Amino acid sequence: MAAHKRSKPPQPGLLPTSRANHRPVCWPLPLPVRSALAALTCVILIISQPVSATNQHRTPASAADKSTAPFQWPAGKTAAVSLAYDDALPSQLDIALPQLNKAGLKASFYLPLAAPTLSSRLADWRAAAAAGHELGNHSLFHQCSRAKPGRSWVSPQRDLDTISASKLVDEIRLGNAFLQAIDGKTLRTYTAPCTDQLAQGEPYLPLLQQDFVAMKTLTGGVVSNMQQLDPYQVPVITPHDVSGAELIALVQQAGASGGMVNFTFHGVGGDHLSISAQAHQQLVDYLAANPQYWTAPFVELMQHVKQQQAAAGQPANKHTR
Ligand SMILES: [Zn+2]
């Protein structure tokens, strides 16, 4: 599918991957389209080398200052792992969540609040939050740009090219209120649907920085330089059709650099852009057996990252969340 073959220019500070640079093209794909996507395009996004995510807006001087400051994970931890699941898919509740809970690992679930499971399985999402998982914001309607190649699945009323940034921001803030009604929390993070950054041609993500602890907005690789990571431009890896060993290798890559790996999964043992239940279980087992990797909700990881960045000198942003 064109959507999956489409590549974008590498972001500054992010090495291009030889195994694809897919955007999380996801819900709400109709099933036949999902199947076609799986059959045609399930080349997986894995990045083979550590990379740094740099703040494109920071001056060279401040970046240099921060890169020399020490960064420390909490005692006993050598690297961080964010397990995240986009689109509120049934297989996440049925397969991924029980595996995580059995292992005692905490993750982040990014919910498009109009997704069917929000009404059909609200109690399950509430239970996930009560168990310590983050319910992240993934917008109300998962709007993406319909004009991009392979985006015919985007319905006209959910076309990001026709929605103003101010209207989208209003919706996403309403999403935070909706999520607070479910979990009682006021701090959370955001993942941009399709990693699209423009609403009706206007950058909308900067308008939301005060509303979130951090944002996942790019496809990329393992983050190796934590002091230079922009909390509002965090890259994610979106694996599908990969083995547990390949996932574990990415964790070890983060461990080698003392950085973090941000997994954004979709289906687990079902649904679209999926990995197998076995591969997921392998990763979960590995993380449970290796507590030197700090596996925690993204909101918790990024609060620590921002504290460390602030302690090192110039904070990466002016916001206090
Ligand atoms: Zn999504």
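Overview of results
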read-out: Taking SER152, SER243, SER145 and counting other C-beta atoms within 10 Å, the order from fewest to most; value: SER152, SER243, SER145
read-out: Per-residue Cβ neighbour rank within 10 angstrom, fewest leading, TYR190, TYR85; value: TYR190, TYR85
read-out: Size of the range 75-311 as Cα extents on the principal axes (Å, biggest first); value: 47, 41, 37
read-out: Separation of the ALA245 and ASP159 label points, Cα + 7 Å toward Cβ, nm; value: 4.6
read-out: GLN210-ALA130 pseudo-label distance in nm [points 7 Å out on the Cα-to-Cβ vector]; value: 3.5
read-out: Chain lengthening between LYS102 and GLU171 when straightened (0.36 nm per residue, less Cα-Cα); value: 21.4 nm
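No value in this document is a laboratory result; all are computed from the given coordinates. Note that the structure is a prediction, hence the values are computed from the model and not measured. Virtual Cβ from ideal backbone geometry, glycine too; neighbours counted across all protein chains shown.
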